[in-house]
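Worksheet: the structure to be examined is printed underneath.
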Amino acid sequence: MSAVGIVVIGLILISTINVQAAGKLQAKEVTYNSVVLLWDESTAITFTQYEVYQSESKIGGWSLVKIIDSKSTTTYNVSYIKSETEYIFKIRYVDALGSEESNTVTVTTLKDPLKGSIEQAVWYGYAICIGGIAIIVIVVVVIVWLSVKKRKAKVQTPSQVCPTCGGAIRFVQEHQRWYCDKCQKYL
């Protein structure tokens, strides 16, 4: 048998042995901004790499997320993805003779726990601010009311006496002052 024949037989044997059946892909540890993907290790003798793909659509639009060239690395943490969003993932097993794709896994990320809290905190802040303003307005109204009431009380009090002559005095509204008719002067 010639060297060419041995090479051909060797390639046939390698391609028979090296038929890559893509392993099962799973999603674990789904959070609001990440997901951990796990898959079966490649059985290919001529393993080259794993390629991690993601899509936000069931009709395609795949994006290559990561290339992993270590055969024993069978997990990947996909991070910095959007909360409350559906993602589809797949792994492509690549070897010297071609590639095979895993099953697809569909994952919906969780709601961002801080998103609602921040919005609630803002609303609580608004409520506290409005409540504080309301209290200030009430206090100012009460102070003005008491001031007006006190001023009216001064005007209506006829028992005021002049400190100089002891005669009766009266309040002159247009000047906002007390006047003694006996002394003929404002106090």
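The values are calculated or read from the model by the stated rules, or taken from the named source; none is laboratory data. The structure presented is a predicted model; accordingly, all values stated were derived computationally and were not measured. Because the Cβ atoms are built from the backbone with ideal geometry, glycine has one as well, and the counts that use them run over all protein chains shown.
Observations
- Enumeration of residues in segment 35-50 that are in contact with an Asp or Glu (Cβ under 9 Å, 6 or more places away or on another chain) and part of a strand (DSSP E or B): Val35, Val36, Phe47, Thr48, Gln49, Tyr50
- Residue selection: Ser72 fails the criterion of being among the hydroxyl-bearing types (Ser, Thr, Tyr), touching a Lys or Arg at 6+ places or on another chain (Cβ under 8 Å) and either assigned by TED's automatic domain parsing to the domain that holds Leu38 or not in a strand (DSSP E or B) (or both).
- For segment 123-143, the condition holds for no residue, the condition being that it is in a helix (DSSP H, G or I), surrounded by 11 or more Cβ atoms within 10 Å (Cβ to Cβ), of a type in the set (A, V, I, L, M) and at pLDDT below 90.
- Segment 52-72, residues that are surrounded by 12 or more Cβ atoms within 10 Å (Cβ to Cβ) and either in contact with an Asp or Glu (Cβ under 9 Å, 6 or more places away or on another chain) or under 12 Å from Val35 (Cα atoms) (or both): Tyr53, Gln54, Glu56, Val65, Lys66, Ile67, Ile68, Lys71
- Count of segment 46-59 residues which are β-branched (Val, Ile, Thr) and at pLDDT below 90: 1
Rundown of residues vs (1) farther than 13 Å from Gly23 by Cβ; (2) in the same structural domain as Gly23 (by TED's automatic domain parsing); (3) surrounded by fewer than 16 Cβ atoms within 10 Å (Cβ to Cβ), yes/no style:
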| site | (1), (2), (3) |
| --- | --- |
| Glu41 | no, yes, yes |
| Tyr76 | yes, yes, no |
| Ile91 | no, yes, no |
| Thr106 | yes, yes, yes |
